[in-house]
Amino acid sequence: MEKFEKLTGIAAPMPLVNIDTDMIIPKVFLKSIQRTGFGVNLFDEMRYNRDGSEIEDFVLNKPQYRNAEILVAGDNFGCGSSREHAPWAIKDFGIRCVISTSFADIFFNNCFKNGILPIVLPQEVVDVLMKDAEKGANARMEIDLEAQTITTSDGEVFSFDVDPFKKHCLMEGLDDIGLTLEKKASVDAFEARAAAERPWV
Amino acid sequence: MSPKTLYDKIWDAHLAHEAEDGTCLLYIDRHLVHEVTSPQAFEGLRMAGRTVRAPEKTIAVPDHNVPTTLDRAKGIDNEESRIQVEALDKNAKEFGIHYYPVSDVRQGIVHIVGPEQGWTLPGMTVVCGDSHTATHGAFGALAHGIGTSEVEHVLATQTLIQQKSKNMKVEVTGKLKPGVTAKDITLAVIGETGTAGGTGYVIEYCGEAIRDLSMEGRMTVCNMAIEGGARAGLIAPDETTYAYVKGRPHAPTGEQWDAALAWWKTLYTDEDAHFDKIVTLKGEDIQPVVTWGTSPEDVLPITATVPHPEDFEGGKVEAARRSLEYMGLKAGQKLTDIEIDTVFIGSCTNGRIEDLRAVAEVVKGKKIKDGMRAMIVPGSGLVRAQAEEEGLAEIFKASGFEWRLAGCSMCLAMNPDQLSEGERCAATSNRNFEGRQGYKGRTHLVSPAMAAAAALTGRLTDIRELM
Ligand code: SF4
């Protein structure tokens, strides 16, 4: 997995609440058996007309946001299905960090498995960041995972919380299957104990 | 010992490892797999030279992509869908996991097949690369959806890295009024809490109205815990649960059954156990409901009118405006005046035998409205067979419904069953998101009885008018 340490980039504002996984990547694109190539279809139905032409006023189609690497979004981002195609599409587009007041649980976990940092902040802070993002391409935000801070284009600094284990994995780009396999002895012991206690399982 | 919730008890019984920083490895008893979210996970195993740690606890079935038309034995036309199903065929064989192929009568929606075959049992941990895994919580199993990376993690290690959620209690007291069903309960709860109300929690549903539900009804309630944002929904097992489980192909028998039963009977929330959040609804206050917007929280009693965006606050104002435009509705319009083009009955929310019986009761001896497209898709091949045996299929066909083979079908429209632009559907499924049932398609979520009523009248209908 790609490491995440620091990111300085353009932030795109998407103030809509309840942006669901069907919006992020509609199901017609779930038929692939690969993990890559979903970026062009990120937000497909909001981004393109039926004939494939771009919908001009969709944020990621605007010239100043085409290279956005950060997304500032409304409440409950990523609700809906468990499809990891949603973070795959976000990552493939080039976005590495999403900021909102809350995320759906499965989506939130899926982000960390794919080198994306989801940040939860209170409404007042998200409002400030949304305003900053609305300034366009010259307004670059800086995210420092080590220090757990976001710096706006005006130099205002906000700190955020992140689970220490998830932070560690993200910063080191660790594969957590490998980490879990290191605990094989504990799992073996548990399995033997559970098999004795609940043999019907 | 301090009092524990049901969730605490199942969690403690499956904690395989806890690191100093509080990161936990939860042991997984059942891993269900379908064709859409698993190919990349199997590919990952292959590339790393890993195997499936517990193939005997891993069960796969194709459901999302499969055609539900009667001619499906001829194969899948869409090439990508076909490749995905073929990949599952191949992976199941190569990794030696239990498998119900499309041609097997036991094939169906993964969340219907698991309980039906007795794979899902009380007190288990159950995961699947699918958010509606919450369904299995109806058995008092801790069941939740996971992403593809986690699917790979469970395949390789039979564990999941987890942090414990908070405990939330949703109590539905008293009795339900006639015409009110499990679907109305679960939608009413989401209407109350919002789609993010359960974020960070595992919900335990309790109270008389929940206890009175059949297993089918309980599965409908837990199925939509995810729409309320919760990681999982749970209902403590009781006699109804044991009666449903007993005799299923993979349920324990003999001495094992007795041992299992003894343990299952300890699976309840202790008196005085702590809940971090409590929501209470009165069963008698719940009415038949319908969604008007594009989020499952957009719920209103069928007797209401379409709301004004200004009725809401904050970001929801803009969301409601967008929803109304997408749904082609005007504020102030009566919900019962909304005309319907299509009716979809099925999905892991409402594709079980009891749901089909409820539909048959409404439509028996009647015809669906002229020009109406109405489809019934049983949740599994066995549900279909039972409906045929009970004579329900004949009732459906005589009323003008299409009677399909099992699969997810128009719940998410990955197969050819889709809405066209602007087409309006009363659906028994669980998501009314933009585009969910087809590009620019419009979805109103309802109970099976309400869907049946809409098929007859051609508009959203209060089932109580037909009773
Ligand atoms: S029926 Fe619908 S919600 Fe259920 S598993 Fe299939 S697609 Fe998902």
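Since every read-out is calculated from the coordinates, none of them should be taken as a lab result. Computed from a predicted model, the values in this text were never measured in an experiment. Here Cβ is always computed from backbone atoms with ideal geometry, including for glycine, and neighbour counts include all displayed protein chains.
Hand me the GluC sites (Glu not before Pro) from the range A:1-98 located in a DSSP loop with no more than 11 other Cβ atoms within 10 Å, in residue order please.
Sites meeting the loop and neighbour criteria: A:Glu2, A:Glu56.
Would you mind ranking B:Val180, B:Val61 by Cβ crowding within 10 Å, fewest neighbours first?
If I rank by nearby Cβ atoms, fewest first, I get B:Val180, B:Val61.
What's the Kirkwood radius of the range B:289-465 in Å, using all Cα pairs?
16.1
Would you work out if the range B:170-277 is rounded, prolate or oblate? Take a ≥ b ≥ c from the square roots of the eigenvalues of the alpha-carbon gyration tensor; rounded if a/c is under 1.5, else prolate when a/b is larger than b/c, oblate otherwise.
prolate
Taking the Cβ of B:Pro178 as the centre, find all other residues whose Cβ is under 13 Å away and add up their charges (Lys, Arg: +1; Asp, Glu: -1).
Neighbourhood net charge equals -2.
Once you list every other residue whose beta carbon is under 15 Å from the beta carbon of B:Leu392, what net charge do they have if Lys and Arg are +1 and Asp and Glu are -1?
-2
Please go through the range B:107-213 and write out the trypsin sites (Lys or Arg not before Pro) that DSSP classes as loop and that have at most 13 other C-beta atoms within 10 Å.
B:Lys175
Would you look at the GNM of chain A, springs on alpha carbons closer than 10 Å, and say which of A:Lys62, A:Lys113, A:Lys31 moves the most?
A:Lys31
Near the amide H of A:Val98, under 5 Å away, which other amide H atoms are found, from residues 5 or more places off or on another chain, if H is placed in the peptide plane?
It is A:Leu71, A:Leu117, A:Ile119, by chain and number.
Tabulate in residue order the Karplus-calculated ³J(HN,Hα) for the range B:323-339, using 6.51 cos²θ - 1.76 cosθ + 1.60 with θ = phi - 60°, rounded to whole Hz; enter x for Gly and Pro.
Running phi through 6.51 cos²θ - 1.76 cosθ + 1.60 with θ = phi - 60° gives 4, 4, 5, 4, 7, x, 10, 10, 4, x, 5, 6, 4, 6, 8, 7, 7 Hz.
Calculate the length of the line joining the C-alpha centroid of the range B:1-20 to that of the range B:101-146, in whole Å.
Centre-to-centre (Cα) distance: 22 Å.
Per-residue ellipticity at 222 nm for chain B, helices alone: DSSP H runs ≥ 4 residues times -39500 (n - 2.57), over residue total, nearest 500 deg cm²/dmol?
Calculated mean residue ellipticity at 222 nm is -9000 deg cm²/dmol.
What whole-number volume per residue, in cubic angstrom, does the convex hull of the C-alpha atoms of the range A:69-201 give?
Cα convex hull per residue, to the nearest whole number: 138 Å³.
Once amide H atoms are built 1.01 Å from N in the peptide plane, which residues 5 or more positions from A:Tyr48, or in another chain, come under 5 Å H to H?
A:Ile55
Of the cross-linked pairs A:Lys31/A:Lys131; A:Lys113/A:Lys184; A:Lys31/B:Lys74; B:Lys282/B:Lys397; A:Lys91/A:Lys166; A:Lys3/B:Lys9, which ones have a Cα-Cα span greater than 27 Å in the structure shown?
A:Lys31/A:Lys131; B:Lys282/B:Lys397; A:Lys3/B:Lys9
Taking the Cα centroid of the range B:30-79 and of the range B:188-254, what is the distance between the two, rounded to the nearest whole Å?
Going from one Cα centre to the other spans 26 Å.
Below 8 Å between Cα atoms, with a sequence gap of 6+, how large is the relative contact order for chain B in percent?
Computed value for chain B: 17 percent relative contact order.
Please list, in order along the range B:460-467, the HN-Hα scalar couplings obtained from phi with the Karplus expression 6.51 cos²θ - 1.76 cosθ + 1.60 (θ = phi - 60°), rounded to whole Hz, x for Gly and Pro.
Couplings: 4, 9, 6, 4, 5, 5, 9, 8 Hz.
Which whole-Hz ³J(HN,Hα) couplings does the range B:252-262 yield from phi under the Karplus relation 6.51 cos²θ - 1.76 cosθ + 1.60, θ = phi - 60°, glycine and proline marked x?
Computed from phi, the couplings for the range B:252-262 are x, 10, x, 4, 5, 4, 4, 5, 4, 4, 4 Hz.
In debye to the nearest 20, how big a dipole does the range B:289-465 give about its Cα centre with +1 on each Lys and Arg Cβ and -1 on each Asp and Glu Cβ?
In total the dipole reaches around 240 debye.
Under 5 Å between amide H atoms, partner at least 5 residues away or on a different chain: which partners does A:Ile25 have, H built in plane at 1.01 Å?
Here the answer is A:Phe43, since their amide H atoms fall under 5 Å of that of A:Ile25.
Roughly how crowded by other chains is peptide A:32-40, in terms of the mean Cβ count from those chains within 10 Å of each of its Cβ atoms?
Mean partner-chain Cβ count within 10 Å for A:32-40: 3.
Per residue, what volume in Å³ does the Cα convex hull of the protein assembly as shown take up?
Spelled out: Cα convex hull of the protein assembly as shown, divided by residues, is 146 Å³.
Just how large is the dipole of the protein assembly as shown about the Cα centre, in debye to the nearest 20, putting +1 at every Lys and Arg Cβ and -1 at every Asp and Glu Cβ?
1320
I want the local charge near A:Glu54. Using Cβ-Cβ distances under 15 Å, sum +1 for each Lys or Arg and -1 for each Asp or Glu among the other residues.
Once all neighbours under 15 Å are counted, the net charge is -1.
Starting at 0 and stepping by 20 Å, how many percent of the alpha carbon pairs of chain B end up in each bin?
25, 59, 16, 0
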